[in-house]
Amino acid sequence: MKAMKALNFISGGSITEEDIRRHRASMERAGKLTAPRANISTASFSAGGISCEAITPEFAHNPNYAVLHMHGGGYLYGGLSYARILAAKIAIATGFSTYTFDYALSPENQYPAALDDAVSVWEYLLEQYAPDHILLSGESAGGNLALCLAQKLLEEGRELPALLLLFSPWTDMTATAKTYETHKDTDPILTIDYIKHAAAAYIGADGTPDDPRFSPLFGRISGLPPAYIMAGRNEILLDDSVRLYESILAAGGRASLDIEENGWHVYQQMPIPIAGRAMKRAAAYVSEEIYRNDTGK
């Protein structure tokens, strides 16, 4: 954990223009080097001017369902190559085509630019799939975006996705949860300084971190689709997952919380055994939920 923390480039608090350029390039290189290539096919396309990618599993493919996946990176970093790391694993695990998109990043594009892009891609997928045949997925800030999209659809009275798959979701931008302190020495990926800088860059000068638009933990929880929430025991964002899980249950919803005792922030991206086992658990959850009442239509 200490070695990973020493090498990790996003654990600091700096977000100078040079840092942003360097970190974005590093994350895209990481995606090109580490994203799974076997047993999938990829295709680029555009949805409302937004660059997107479709990742289709070559085996056990069910064309009736899709996953709309949103990558992490604090709303500062990440693109299609980086998104492919986890999205390809999701496609292979579920058997569903998984779609990613290059949403607008901050600080150049603050709220609601990323959410507007998410809505546009959601509406594009509705031309091909029924809403209850689409799963929303996201890791870290992408988990924030997926949850905010679901809440927006809920508030507007629109049809909802089938499920939420959330990997270490960033649900509370106030950075006040107890695990920021209790897990600061065990988290190899994130620091509170980085979280605060990323939040400020995304929110801008006119907003506050406790606003439900930015911190969906404080938004509407009742009525959300069933959620599968995964987190690592060692991450400072652990409470973001735990409190979301507890809030969903308290509101009468359905949720499952999967905490990997030896895991860290979005450990599922790594080519390690615990990541493989995590994807199998996620696949089992999806199969149980989707095929329980599936009519094949």
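What follows draws every value from the coordinates through simple rules; no lab data is involved. Quick caveat, the model's predicted, so the values are computed rather than measured. We place every Cβ from the backbone using ideal geometry, glycine too, and count neighbours over all the protein chains shown.
Show me 202-208, 75-81 ranked by packing, highest mean number of other Cβ atoms within 10 Å first.
Sorting 202-208, 75-81 by mean packing, highest first, produces 75-81, 202-208.
Going by a ≥ b ≥ c, the root eigenvalues of the Cα gyration tensor, does the range 18-59 fall in the rounded group (a/c under 1.5), the prolate group (a/b larger than b/c) or the oblate group?
Oblate.
Please report Rg over Rh for the chain, where both radii come from the alpha carbon positions and Rh follows the Kirkwood definition.
0.93
Using mean Cβ contacts within 10 Å as the protection proxy, how do 170-178, 23-31 order, highest first?
Values: 170-178: 20.7, 23-31: 17.1.
Per-residue Cβ counts within 10 Å, averaged per peptide and sorted highest first, yield 170-178, 23-31.
What fraction of the DSSP beta bridges in the chain is antiparallel, stated in percent and rounded to the nearest 5?
Expressed as a percentage, antiparallel bridges in the chain total about 35.
Taking only the C-alpha atoms, wrap a convex hull around the range 55-183 and report its volume per residue in Å³ as a whole number.
Taking the convex hull of the Cα positions in the range 55-183, it is 113 Å³ per residue.
Report the FRET efficiency, 1/(1 + (r/R0)^6), for ARG277 and ARG254, where r is their Cβ-Cβ distance and R0 is 22 Å, rounded to 0.05. Walk me through the numbers before you get to the answer.
On the way: r = 23 Å, r/R0 = 1.05.
It comes to 0.45.
So how much slack lies between ILE192 and ALA30, counting 0.36 nm per residue of separation and subtracting their Cα-Cα distance, in nm?
56.0 nm
Using only alpha carbon pairs under 8 Å that are at least six residues apart, calculate the relative contact order of the chain and give it in whole percent.
Reported as a whole number, the value is 18 percent.
With Cβ to Cβ distances under 15 Å as the rule, what net charge do the other residues near GLU53 carry (K, R +1; D, E -1)?
It works out to a net charge of +1.
Would you calculate a helix-derived [θ] at 222 nm for the chain, using -39,500 (n - 2.57) for each DSSP H run of n ≥ 4 and dividing by the full residue count, to the nearest 500? Mind dumping the intermediate values first?
Details: 9 runs with 115 residues, N = 297.
It lands at -12000 deg cm²/dmol.
Which cross-chain or sequence-distant (5 or more) residues have an amide H under 5 Å from the amide H of ASP258, H modelled 1.01 Å from N in plane?
Distant-sequence amide H within range of ASP258: ILE229, MET230, ALA231.
Hey, what do the phi angles of the range 159-171 turn into as Karplus ³J(HN,Hα) couplings, whole Hz, using 6.51/-1.76/1.60 and θ = phi - 60°, x for Gly and Pro?
5, 9, x, 6, 8, 10, 10, 10, 10, 6, x, 8, 9
Given R₀ = 41 Å, FRET efficiency for SER222-GLN128 by Cβ-Cβ distance, to 0.05?
0.90
Can you give me the long-range amide H partners of MET70? Hydrogens built in the peptide plane at 1.01 Å from N, cutoff under 5 Å, separation of 5 or more residues or another chain.
SER137, GLY138, GLU139
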